[in-house]
């Protein structure tokens, strides 16, 4: 079985990449083909609503279609620098077994404030990929020396040495909360690059719910600011 495209969406800033990859897996019906456990994951277990504990793991899913797609999602990234490199090497070993030719890594681009109309920033490991990304709606930051920490960055760098094209897509996000609005924008760009259609309805619903929640936070913050201002004015007058 070959899958020429590999899509990584592990936990990160705003959980943007994780949201997109897991949403696609569910919408298109990809099947689980591998589970990955590692001593490089954080030393903890996850406990579900029934009180049942399990080890952290990452998972590989395969979608069989006109173009086969391989997805990497899961609970965690490595807890150490050495682990990041070793795990990235393992993920690329898996990609080679499926004859992957192109890597898409997904994540968030943290800006430290809420964004109403997020952009999708990109990085590539080959110059000739830039125009394709721009045509799909992605843009490139003018800030030099930008770093991409973790699996999303390492797969691009290490994948290049194995002859794989690499595109990292990062949805602009505050970084404070899980961000389905940014994920929706990133999903749109990714689908154009893949030339597939994925119904964004449920993600749009989550984005609207989050927008309402954020608006509530903003209003509460403004009310708190006015209360403090009034209190300071009263102290000053007294």
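Only one of the numbered conditions (1) part of a loop (DSSP other than H, G, I, E, B); (2) closer than 28 Å to residue 2 by Cα is violated by residue 123, and that is (1). The set of residues in the range 130-150 that are in contact with a strand residue (DSSP E or B) (Cβ under 9 Å, 6 or more places away or on another chain), over 19 Å from residue 187 (Cβ atoms) and modelled with pLDDT of 95 or more contains only 130. Checked against the criterion of being more than 21 Å from residue 182 (Cβ to Cβ) and either in contact (Cβ under 8 Å) with a residue 24 or more places away in the chain or part of a helix (DSSP H, G or I) (or both), the range 7-25 contains not a single residue that satisfies it.
Within the span defined as the range 49-69, every residue fails to be in a helix (DSSP H, G or I) and surrounded by 21 or more Cβ atoms within 10 Å (Cβ to Cβ).
Listed here are the residues, each with its yes/no results for (1) touching a helix residue (DSSP H, G or I) at 6+ places or on another chain (Cβ under 7 Å); (2) under 28 Å from residue 167 (Cα atoms); (3) at pLDDT 75 or above.
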{"residue": "179", "(1), (2), (3)": "yes, yes, yes"}
{"residue": "184", "(1), (2), (3)": "yes, yes, yes"}
{"residue": "190", "(1), (2), (3)": "yes, yes, yes"}
{"residue": "196", "(1), (2), (3)": "no, yes, yes"}
{"residue": "206", "(1), (2), (3)": "yes, yes, yes"}
{"residue": "216", "(1), (2), (3)": "no, no, no"}
{"residue": "220", "(1), (2), (3)": "no, no, no"}
{"residue": "225", "(1), (2), (3)": "no, no, no"}
{"residue": "231", "(1), (2), (3)": "no, no, no"}
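Exactly one residue out of 81, 112 is surrounded by fewer than 23 Cβ atoms within 10 Å (Cβ to Cβ), over 20 Å from residue 129 (Cβ atoms) and free of Cβ contacts under 8 Å to residues at least 40 places away in the same chain, and it is 81.
Against the definition (in contact (Cβ under 8 Å) with a residue 24 or more places away in the chain, crowded, with 17+ Cβ neighbours inside 10 Å and farther than 27 Å from residue 189 by Cβ), how does residue 41 come out, yes or no? Criteria met by residue 41. For the range 130-161, a residue qualifies if it is surrounded by fewer than 12 Cβ atoms within 10 Å (Cβ to Cβ) and over 17 Å from the mean Cα position of the chain (by Cα), and the qualifying residues are 131, 135, 142, 143, 144, 145, 161. Of all residue pairs spaced 6 or more apart or on separate chains, those with beta-carbon atoms under 8 Å, a first member in the range 88-107 that is at negative phi and part of a loop (DSSP other than H, G, I, E, B) and a second member that is modelled with pLDDT of 95 or more and buried (at least 23 other Cβ atoms within 10 Å of the Cβ) are 98/6; 98/70; 100/6; 100/70.
The values are calculated or read from the model by the stated rules, or taken from the named source; none is laboratory data. Everything numeric in this text was worked out from a predicted model, so none of it was measured. Note that we place each Cβ from the backbone using ideal geometry, even for glycine, and neighbour counts take in every protein chain shown.
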